[in-house]
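Peer 1: One structure is given below, represented as structure tokens, and several questions about it will come after.
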Amino acid sequence: MKPLAYPKSADAYFGEDAPKVAEYLSFTGVSESGFSVAAKLLSFRVFSNLQLSLHAAMTSTRTPSSGTGPDEKTAKEGNLENFIQAGGNATMLAELPMVAYVSAVDDSEGVQNIAVLSFMPSINMDIAPLGAPQGNGVRVGQLGFRLFGQKAAIEDANIAVFGDIWMGGLKGTPEFFGAIGQPGRNSALYGRAIVGVVVLKKVRLNLTKVFMGPHGMRTPWIVSVAAAQ
């Protein structure tokens, strides 16, 4: 493992040092009544190896005005999955790799083997209120570390398996924690894991699970399909 201190190393992990627009899109089936879509709208690098990115998510479900009944439950599930998948309606995320291994790759080798430990703060600027009856969104910030690993599953082919673990803490408004069954709190530990398969560097099948945090966030495995430029 070595620091990503030089532009070439950062290029190997992040890709070309140029602003990218709409580079990542994922689709999640929330329930029989709805679905959610998350996107990485914009990303760019500063200081050679710090990447800033803007993410957004939308769900087909909406919080009903009554705030009760099965529609309220479906809306809450959809909004919570949006938060777990992409941080909410709009999220500004930073990633600073601290130590990393990125294998050399050429056109004949296919996918790269990667292992990276990064420091990752984020600000979730507006989150749909998780099925709660209030009209305004709630705000949450995250601070923690990401461990990402990717390994070619078939030699000399563009197929890989990967794992992505984020561990840290949440700090947000009382409305957010009240909506996930933690009234009176404004912070909590939080951990999320994603495992999956990458095909042709473009298509991902993701399985996401919250393994640490308030009980109301520990949903079953979330299945999503994603495509990248």
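Peer 1: Which residue is modelled with the lowest pLDDT, if the candidates are limited to region 124-169 and must be among the polar types (S, T, N, Q), part of a loop (DSSP other than H, G, I, E, B) and farther than 27 Å from Tyr101 by Cβ? Full working, then the answer.
Peer 2: Residues of region 124-169 that are among the polar types (S, T, N, Q), as a first pass: 124, 134, 136, 142, 150, 158.
Now narrow it down to the ones that are part of a loop (DSSP other than H, G, I, E, B): 134, 136, 158.
Then drop every residue that is not farther than 27 Å from Tyr101 by Cβ, which leaves 134, 136.
Numbers: Gln134: 53, Asn136: 57.
Result: Gln134.
Peer 1: Which of the numbered conditions does Ser65 fail, given that it passes all the others? Conditions: (1) polar (S, T, N, Q); (2) out of contact with any Phe, Trp or Tyr (no Cβ under 6 Å at 6 or more places or on another chain); (3) modelled with pLDDT of 65 or more; (4) outside any helix (DSSP H, G or I).
Peer 2: Failing condition for Ser65: (3).
Peer 1: Which of the residues that make up region 2-49 are modelled with pLDDT of 80 or more, within 22 Å of Gly149 (Cα to Cα) and out of contact with any strand residue (DSSP E or B) (no Cβ under 7 Å at 6 or more places or on another chain)?
Peer 2: Residue satisfying the conditions is Ser48 alone.
The values are calculated or read from the model by the stated rules, or taken from the named source; none is laboratory data. Note that this is a predicted model, so its numbers are computed, not measured. Quick reminder, even Gly has a Cβ in these numbers, built from the backbone with ideal geometry, and neighbours come from all protein chains shown.
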